[in-house]
Amino acid sequence: MTTESASTMTETDTQPFDGDTIHQIAARPASAADPGTLRSAGHVIVDSLVAHGVERTYVVPGESFLDVLDGLHGSDIDTVVCRHEGGAAYMAEADGKMNQRPGVAMVTRGPGAANAHVGLHTAWQDSTPMLLFVGLIPFAHRDREAFQEFDIKAWFDTGAKRVMVLDHAERASEIVAEAMFAAMSGRPGPVVVGLPEDIIRQQIDPALHPTIPVAAGGMSTTDAEALATALANSSKPLFVTGGNDWTQEAASQLTEWLEKHHIPAAAEWRTQGTVSFDSPSYVGPIGYGRPRPTYDLLDETDLLVFVGTVPGDVITDGFLCRQDWNKKNFLVTIDPSLRGRSGPVSRQIVAKPDAFVRDLVAIDLPLKEEWKAWTARMRAEQTSFSDLPPATPAEGPARMDTLMANLVPRLPEDAMVTFGAGEHTNWAHRYFPTRRYASMISARNGSMGYSVPSAVAASLASPQRRVVTIAGDGEFLMNGQELATAAQYGATPLIIVMDNQEYGTIRTHQERHYPSRVSGTQLKNPDFGLMARAFGGFGITVTRDGDVPAALDAAFRAIDQDGVFALIHLIVEQRVKAY
């Protein structure tokens, strides 16, 4: 070992100071022990992240991981300083959805870790590769109820793929490689890495651990034969795409193959875009708020092929649809445990989407007229459902229909949409033209507060693309402070806040189960347009439907000409409060 022994540590390394600072660690240059030979473990962690292709990390700083922050100084990684650990975790989770490697967040111990937990739950249920680095108390203080001490494994072990703690400084690079591998291998998900503040300052050999290759699986000969036979015997096949483990190349190849064979494809809830919105094979989303035709699809089809996802709770309407084990379901997922699956399994193909599509396109099937008619019927129902409402404003209060009718024609081909949870998301599901993989970034665990952080992350990751987020008034105030992060780093999303002065989804459930007894769902909101201007962006509040087109024009001018984010506060018609 090249770590310092306890006998060589100064008193300031282990003892708290009096006064306002709870404890203060004596600073040492990273190369003080042996210039040019050794580096601190914290710096080696940063070097390892760079070697793994990490481009940015989302942080709320803490004294517990100062050496890692120092390593980020001048590194090739962009450090995005966030306003709340929940916002940072959401940004990292969104980053993991958009890229072929985990998103990375860094927070401090105790309260910081607690605040970040919501992003971990999102990554767990959405199968998103993500790393959460958590600064910890010094190793020497462990199990003594030190300031902000907590049990990192007890907190996170049930909601992360792995929880790792760097107790041996010389393993710093290995821990990063293992964490990256764990987040991406099998069913992707979040990994938590604890960093004791005294360990990360120790001097170690700076040699980096190699990246660990991730198996992609693929179709065996018997898999391909079974799928080809099932398709040949099917009169109404249906593919369902989902998950966050695709590339655009695989998405395009799948779309081309489906179109060639006149086979329809639906999208898992909040993952639209893998098969383009405009494709003649795309027949709509399946999930909460889905149109009736796609609901019926599940029971009508005689062969379901899920790719990158499984038929879970949301898709099967609470484990009710598609439960007949006489039905044929092929599940294509790299997760051999089929976690979250509901209903019949005719065959599992253990493969990531790219590997499956690579093998699928080699299967050439005879064209069937019944497939063509089946796909055309479902496609017609989808296009009818997604046809835009009239763009001409109506008299009276602002309407989301009018906003979408005027927004969509202004969008470029590669536009992206992000959103969290609430009734406001229905307009994105129905009308937003998702034409590429990862053009819809959302929280499938129904987590509120996701809209603004995910939009910031999307805009920073793809500054050349038009990024739109649709937020509800209740959801917006959960992480609206990350507009400050957008302003600081030049993110330029368009934020639409639909304000109906209530937690609308919950009121809808309330009215269904407890009619005329509205309780605990009503809100009184500030002027969000004024709030946006205070944060340094463009903001406008719209109350009249006739003002919607001009508001969109002004918002896009601010984004394109002034280089700032823009927010439209759309105050829609209020439902009467009933008692």
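We did not get these values from a lab; they are worked out from the coordinates using the rules stated. The structure presented is a predicted model; accordingly, all values stated were derived computationally and were not measured. With ideal geometry, Cβ positions are generated from the backbone for all residues, glycine too; neighbour counts draw on all protein chains shown.
Compute the distance in nm between two label points, each set 7 Å from the Cα along the Cα-to-Cβ direction, one at residue 481 and one at residue 370.
Placing both labels 7 Å beyond Cα along the Cβ direction yields 6.0 nm.
Would you work out the charge dipole size for region 389-571 about its Cα centre, treating the Cβ of every Lys and Arg as +1 and the Cβ of every Asp and Glu as -1, and quote it to the nearest 20 debye?
Around 380 debye, computed over region 389-571.
With each run of n ≥ 4 DSSP H residues scored as -39500 (n - 2.57), what mean residue ellipticity at 222 nm is computed for the chain after dividing by its residue count and rounding to the nearest 500 deg cm²/dmol?
For the chain, the value works out to -10000 deg cm²/dmol.
With +1 on each Lys and Arg Cβ and -1 on each Asp and Glu Cβ, and nothing else charged, work out how big the dipole of the chain is about its Cα centre, in Debye to the nearest 20.
Computed charge dipole of the chain: roughly 1620 debye.
How big is the convex hull of the Cα atoms of region 389-571, per residue, in Å³? Walk me through the numbers on the way to the answer.
Values: hull volume 21.2 nm³, N = 183.
Output value, Cα hull per residue: 116 Å³.
Across all directions of projection, what mean area in square nanometres is found for the Cα convex hull of the chain?
Numbers: hull surface 115.5 nm².
Spelled out: convex hull of the Cα atoms, projected over all directions, averaged, 28.9 nm².
Give me the extension gain from residue 575 to residue 464: residue separation times 0.36 nm, minus the current Cα-Cα distance, reported in nm with one decimal. Could the numbers behind the result be given before it?
Numbers: separation 111, 0.36 × 111 = 39.96 nm, distance 3.89 nm.
Result for the pair: 36.1 nm of gain on full extension.
Which of the lysines could a cross-linker bridge to residue 372, judged by Cα under 29 Å and excluding same-chain residues fewer than eight apart?
236, 260, 327, 328, 352
Count neighbours as other Cβ atoms within 10 Å of each site's Cβ, and list the trypsin sites (Lys or Arg not before Pro) in region 109-151 that are DSSP loop with at most 16 such neighbours. Write out the running numbers ahead of the final one.
Numbers: sites: 109, 142, 144; in loops: 109, 142, 144.
Taking region 109-151 and a limit of 16 other Cβ atoms within 10 Å, the loop trypsin sites (Lys or Arg not before Pro) found are 142, 144.
Just want the ordering: 161, 260, from fewest to most Cβ atoms lying within 10 Å of their own Cβ.
260, 161
Can you run phi through the Karplus equation (6.51, -1.76, 1.60; θ = phi - 60°) for region 192-198 and list ³J(HN,Hα) in whole Hz, with x for Gly and Pro?
10, 10, x, 10, x, 5, 7
Shape call for region 221-384 from the C-alpha gyration tensor, a ≥ b ≥ c root eigenvalues: rounded (a/c under 1.5), prolate (a/b greater than b/c) or oblate? Present the calculation step by step, with values, prior to reporting the outcome.
Working: a/c = 1.19, a/b = 1.01, b/c = 1.18.
Rounded, because the longest to shortest axis ratio a/c is under 1.5.
For the chain, find the longest principal axis of its Cα atoms and tell me its angle to the long axis of helix 41-51, 0 to 90°, nearest 10.
For helix 41-51, the angle is close to 30 degrees.
Select from region 111-179 those GluC sites (Glu not before Pro) which occupy a DSSP coil region and have at most 14 other Cβ atoms within 10 Å, ordered by residue number.
Values: sites: 145, 149, 170, 174, 178; in loops: 145, 149.
Within region 111-179, the qualifying GluC sites (Glu not before Pro) (loop, at most 14 other Cβ atoms within 10 Å) are 145.
Kirkwood Rh, Cα Rg: Rg to Rh for region 459-530?
Numbers: Rg = 15.7 Å, Rh = 14.1 Å.
Looking at region 459-530, the ratio lands at 1.11.
Just grab the label-to-label distance for residue 554 and residue 313, each label 7 Å out from Cα along the Cβ direction, in nm (one decimal).
Result for the modelled spin labels: 4.2 nm.
For region 82-89, what does the Karplus curve 6.51 cos²θ - 1.76 cosθ + 1.60, with θ = phi - 60°, yield as ³J(HN,Hα) per residue in whole Hz, taken in order and with x for Gly and Pro?
So the Karplus estimates, Gly and Pro as x, are 9, 9, 8, 4, x, x, 4, 5 Hz.
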